[in-house]
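Peer 1: Here's a structure for you.
The values are calculated or read from the model by the stated rules, or taken from the named source; none is laboratory data. Small disclaimer: the values here were computed from a predicted structure and weren't measured. Heads up, the Cβs are rebuilt from the backbone with ideal geometry, glycines too, and the neighbour counts pull from every protein chain shown. For the accessible areas, the whole protein counts, side chains as well, though only heavy atoms, and no ligand, DNA or RNA atoms are used. Shrake-Rupley method; radii C 1.70, N 1.55, O 1.52, S 1.80 Å.
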Number of protein chains: 2
Amino acid sequence: MFDPTPILSGNRRALARVLTQIENSAPEAEAALAALFAHTGRAHLVGVTGPPGSGKSSLVNELAKVMRSAGRTVAVVAVDPSSPFTGGAILGDRIRMRDLAGDPGVFIRSMATRGSLGGLARSTAEVVTALDAAGFDKILIETVGAGQAEVDIARAAHTVLVIEAPGLGDDVQAIKAGLLEVADVLVVNKADQPGADAAMRALRASLDLGHPGTRHWADGHLSSPSPKLGGGSGKGAWVPPLLQTVAVQSKGIPELREAIERHHAHLLASGELADRDRERLEHELGQRLRELLLAGLLARLEPGSYDAALEQILARQLDPARAARQLARSEYGVRVGEDPSSPAL
Amino acid sequence: MFDPTPILSGNRRALARVLTQIENSAPEAEAALAALFAHTGRAHLVGVTGPPGSGKSSLVNELAKVMRSAGRTVAVVAVDPSSPFTGGAILGDRIRMRDLAGDPGVFIRSMATRGSLGGLARSTAEVVTALDAAGFDKILIETVGAGQAEVDIARAAHTVLVIEAPGLGDDVQAIKAGLLEVADVLVVNKADQPGADAAMRALRASLDLGHPGTRHWADGHLSSPSPKLGGGSGKGAWVPPLLQTVAVQSKGIPELREAIERHHAHLLASGELADRDRERLEHELGQRLRELLLAGLLARLEPGSYDAALEQILARQLDPARAARQLARSEYGVRVGEDPSSPAL
């Protein structure tokens, strides 16, 4: 049996050991997470995302310092694109730790993609579970990529920070549009550079266009959304504030911290914190069910029937949708999603 | 019953109608795709990805023109980050069509994210199925985002083009590392700008580090990988060529087209084309099975048992992994992935 006591009482070595087990998908991780999960739900999860070149990493470092000065313990999870080709995380923990080394109230962990995004989203959630149980007040979840999936990882948080910077070009503007709707706090970083005022104006105009819509998960969530879900709509609506920072000069960071605290207070007062928690955990439950059910099906299928279906697909004799229905039905009698106009199989 | 004849014989209006049904997940789409799938497998699928600011869209347009001049029919699928907040795809079809308007041998379609990445990957695959059946020789699949998921969409293709550009900053360098391993052809676009030589040198050094590793899917694929899988390793290994282009001046595009054709010839000669086809279709089968099995479980669970499990999770009385096992087992007797050290449930 896993004893969570060392982690709960602040033993950093025990915490690091479990995080490594999580990242390696070690069999011990499962029992540890089950034991730690009971002690979660206290941390304030802050997602930080934004296009490449916006200076997210510097900003997260400065934010962690200001949060420490305000007496909070802080964990940073940096979700890095990585590669077996180049090996390991690009933003090394050692570089990140330079300004924060020796402070036991700060814990920084980089997570590498290693080619499996589904796996990364799951292990990020598990790392956050362990850090929450370990008692950190603030957990900053920073994603380096600018894709939809990275945004999904960041918005598993309670408060989502979207970082912009001037002069990142048209592609970045396009990406930004997808980020705006998930932002609880908007930041134009590198505000000392040319184009900062234009970036502020453009963001403000976008915000004025309307309230953010409902939050969407990559794979949908299973129950009906609570009426309180939806970023800023509804009673006591939160209007995302727009701030300027120059992270490398530590400018604007205390104001940013205050905005994040105000959002946290809003979430608590409105009951939205519980809604976001529910959304996040339900998403995790759905993902785990998908993987478990697929593994169960594959383990129980007649030997060769999966390969036979695949060969028929490759020969273009069977389309993937119908093949999936046949395989699912042969085991479980699953009949959902069937097209009534299809001939009998 | 859906009659595929108009699409197979080149009726663009019929094609557009089915693509709209696919994007809207209309019920009619399923029968259409089942009928069209039998006529696929002839197109050469070319994925185009790279960080924001690399000039992918201009390059894809120029490439389409050069391919047309060489007598090939071309379809372009532009996978755009988008948002209910800003509404619709950012790279509008109309802008893209400017240089290619009136040519019936070109077909351009933008696909919007609309907040659901799982849905986007599926509908992109379905759009490619319809375009393949419609007889296009080359299908260019362009992803605008720079995240792992966007890379996964691009590398569902037979030939993967990775676009770089000088001076995109450190974040982009980090993202680039994750792209390198999936590249079949590498391009430094905007090669007339300062830093192009440095970018070329850095890429060449990275390439010299070693051969690309095995291709990884976001969610893994189900059967053992074929020994021929793996980008460039193995017999008759393909060494990704490194090219320079200035897309806005149409420079270097014919050479790029030739490199893409050489890779296609390599895939055909080595048998790797069939391997990549298998990998792509098996991934699709797995995704469809996951969704089907989950829908089946939810439809068959005792009313309230899913909600009860979720409430226990929210109360931190039950962790998501165990909850998923309980729900799966209660219906199907699924026992896979169970931790033998867990107490009986």
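Peer 1: Would you pick out the residues in the range A:60-80 that are of a type in the set (Gly, Ala, Ser) and either open to solvent by 30 Å² or more (accessible area, probe 1.4 Å) or in a helix (DSSP H, G or I) (or both)?
Peer 2: Residues satisfying the conditions are A:Ala64, A:Ser69, A:Ala70, A:Gly71.
Peer 1: Condition check: at pLDDT 90 or above, buried (at least 21 other Cβ atoms within 10 Å of the Cβ) and more than 27 Å from the chain's Cα centre (by Cα). Does B:Asp307 satisfy that?
Peer 2: It is false that B:Asp307 is at pLDDT 90 or above, buried (at least 21 other Cβ atoms within 10 Å of the Cβ) and more than 27 Å from the chain's Cα centre (by Cα).
Peer 1: Regarding A:Ile260, is this residue in contact (Cβ under 8 Å) with a residue 12 or more places away in the chain and open to solvent by less than 10 Å² (accessible area, probe 1.4 Å)?
Peer 2: Taking the combined requirement at face value, the residue satisfies it.
Peer 1: With respect to the numbered conditions (1) buried (at least 17 other Cβ atoms within 10 Å of the Cβ); (2) under 19 Å from the mean Cα position of the chain (by Cα); (3) more than 10 Å from chain B (Cβ to nearest Cβ), which one is the sole condition not fulfilled by A:Ser57?
Peer 2: Answer for A:Ser57: the failing condition is (3).
Peer 1: Restricting to the range A:244-257, name every residue that is crowded, with 20+ Cβ neighbours inside 10 Å and at pLDDT below 95.
Peer 2: Residue satisfying the conditions is A:Ala247 alone.
Peer 1: Take A:Ala299 and tell me if it is closer than 30 Å to A:Ala34 by Cα, small (Gly, Ala, Ser) and surrounded by fewer than 21 Cβ atoms within 10 Å (Cβ to Cβ).
Peer 2: yes
Peer 1: Give the range B:4-50 a look and list any residue that's within 13 Å of chain A (Cβ to nearest Cβ) and open to solvent by 40 Å² or more (accessible area, probe 1.4 Å), or say none.
Peer 2: Result: B:Ser25, B:Pro27, B:Glu28, B:Glu30, B:Ala38, B:His39, B:Gly41, B:Arg42.
Yes/no per residue for (1) of a type in the set (Val, Ile, Thr); (2) at pLDDT 70 or above; (3) open to solvent by less than 50 Å² (accessible area, probe 1.4 Å); (4) part of a loop (DSSP other than H, G, I, E, B):
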{"site": "B:Ala177", "(1), (2), (3), (4)": "no, no, yes, no"}
{"site": "B:Met200", "(1), (2), (3), (4)": "no, yes, yes, no"}
{"site": "B:His211", "(1), (2), (3), (4)": "no, no, no, yes"}
{"site": "B:Arg215", "(1), (2), (3), (4)": "no, no, yes, yes"}
{"site": "B:Ser223", "(1), (2), (3), (4)": "no, no, yes, yes"}
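Peer 1: Residue by residue through the range A:295-317, note down the ones that are outside any helix (DSSP H, G or I) and more than 11 Å from chain B (Cβ to nearest Cβ).
Peer 2: A:Glu302, A:Pro303, A:Gly304
Peer 1: Follow-up question, since we're still on this one. If a residue has to be more than 8 Å from chain B (Cβ to nearest Cβ) and open to solvent by 20 Å² or more (accessible area, probe 1.4 Å) to count, how many in the range A:263-294 make the cut?
Peer 2: So the count comes out to 11.
Peer 1: Only one residue in A:Val74, A:Val48, A:Val79 is modelled with pLDDT of 95 or more and in contact with a strand residue (DSSP E or B) (Cβ under 8 Å, 6 or more places away or on another chain). Which one?
Peer 2: None of the other options fit; the residue is A:Val74.
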